[in-house]
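Just so it is clear, none of the values below were taken in a lab; they were calculated from the coordinates. Note that this is a predicted model, so its numbers are computed, not measured. Glycine also receives a Cβ, built like all others from the backbone with ideal geometry; neighbour counts cover every protein chain displayed.
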Number of protein chains: 2
Amino acid sequence: MNIGDASTRSGLPPKTIRYYEDIKLILPLRDSNGYRAFRDSDVHKLTFLGRARALGFTIEDCRSLLALWEDKERASADVRQIARDNLKIIEGKISDLIRMRETLSHLVEACAGDHRPDCPILERLGKLDEDTDTGQAADKRKVAG
Amino acid sequence: MNIGDASTRSGLPPKTIRYYEDIKLILPLRDSNGYRAFRDSDVHKLTFLGRARALGFTIEDCRSLLALWEDKERASADVRQIARDNLKIIEGKISDLIRMRETLSHLVEACAGDHRPDCPILERLGKLDEDTDTGQAADKRKVAG
DNA sequence: ATGGGGCTTCCAGTAGCTGGAGGGTCAAGG
DNA sequence: CCTTGACCCTCCAGCTACTGGAAGCCCCAT
């Protein structure tokens, strides 16, 4: 199976598949003409990767999950730990984003949005006195986006 | 004022400040020794930028907002439009992340997390039959993170 | 033989910084 | 006057997870 078919079946773009080979997440065979030759097991892995990525797992998480997936002796606790860590990260991003949404939606509502220059949004961003810093919880964490 | 003080006052790391100068968000003066010389207005802009970034605005948004902030003839509608677009993006990210959290938390709960290899998480990721793709809504949008 | 699509590699760029090397500057202390 | 240490400078590289594009080979149908 060539990369085009593997792409269709796994739902991942060819570019992404080549990238995954590059970083050694998959190791497809090669035909004599140099074309990648995907086995069903490769496609299966790609599908796995697509789903894991869609659930927010990083590439390195995926590498670990894939190894655990292939290890029939694995302990489910290992998998669960990775998933829980990811869940924590996702929850952190959600609360950061919700805080942003709160602030931003209040500001948007407060802004007349007409031809006049008066704008609570800019006032808030430029205010000198108060500490209007909105990023308290976003200290170390990379805020989603 | 040197970059260290500007950093302390604005809350942004020196590296970030240099980067902002690099991409021309700010244009501090220079002392004869080559050190950047920050005016109060520069620090004020940096603070503005820090707050805008904390609210999820992109660098290019920030550039526009800064221009509007300086333009005393601006229409508040222009500011509001940028803020609303950002709000939409944030809301999209939130719903993607909430979908991920849903799926992931169910899976984590379903997983025994012990020494045994049975694991619903891996089963779900590797399943062959059903379309368990979780990323329907995340098509084009870059899912937060 | 020619055309078109698919495949290959490699290079560069995206966003928004961050880390580090290698070196200049400045004020205080000995 | 010299050293020490905290600053500051520039430039290059790297992070995540791809994506776009150029240049060129391969294969099949007409």
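Taking the conditions (1) part of a helix (DSSP H, G or I); (2) in contact (Cβ under 8 Å) with a residue 12 or more places away in the chain in turn, B:Phe57 satisfies each one other than (1).
Return the residues of the stretch A:25-49 that are closer than 30 Å to B:Arg99 by Cβ and surrounded by fewer than 19 Cβ atoms within 10 Å (Cβ to Cβ); say none if nothing qualifies.
First pass over the stretch A:25-49, keeping only residues closer than 30 Å to B:Arg99 by Cβ: A:25-26, A:38, A:40-49.
Matches in the stretch A:25-49: A:Leu25, A:Asp40, A:Ser41, A:His44.
The set of residues in the stretch B:60-88 that are in a helix (DSSP H, G or I) and in contact with a Lys or Arg (Cβ under 8 Å, 6 or more places away or on another chain) comprises B:Cys62, B:Leu66, B:Leu68, B:Ser76, B:Leu87.
Residue-wise test of (1) charged (D, E, K, R); (2) on the phi < 0 side of the Ramachandran plot; (3) in contact with a helix residue (DSSP H, G or I) (Cβ under 7 Å, 6 or more places away or on another chain); (4) touching a residue at least 60 places away in the same chain (Cβ under 8 Å).
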site: A:Leu66; (1), (2), (3), (4): no, yes, yes, no
site: A:Glu73; (1), (2), (3), (4): yes, yes, no, no
site: A:Val79; (1), (2), (3), (4): no, yes, yes, no
site: A:Ala83; (1), (2), (3), (4): no, yes, yes, no
site: A:Leu87; (1), (2), (3), (4): no, yes, yes, no
site: A:Ile90; (1), (2), (3), (4): no, yes, yes, no
site: A:Lys93; (1), (2), (3), (4): yes, yes, yes, no
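The number of residues in the stretch A:68-99 being among the polar types (S, T, N, Q) and surrounded by fewer than 20 Cβ atoms within 10 Å (Cβ to Cβ) comes to 2. Of the residues screened, A:Leu55 is one that is out of contact with any strand residue (DSSP E or B) (no Cβ under 8 Å at 6 or more places or on another chain), crowded, with 22+ Cβ neighbours inside 10 Å and closer than 30 Å to B:Ser95 by Cα. All of (1) closer than 11 Å to A:Ile121 by Cβ; (2) within 16 Å of DNA strand C (Cβ to nearest atom); (3) not β-branched (Val, Ile, Thr) hold for B:Trp69 with one exception: (2).
Only residues that are in a loop (DSSP other than H, G, I, E, B), near DNA strand D (Cβ under 10 Å from one of its atoms) and away from chain B (no Cβ under 14 Å) were counted in the stretch A:1-52, giving 7. Restricting to the stretch B:1-27, what's the tally of residues that are away from DNA strand C (no atom under 12 Å from the Cβ), free of Cβ contacts under 8 Å to residues at least 40 places away in the same chain and farther than 14 Å from B:Thr47 by Cα? Adding up the residues that qualify gives 2.
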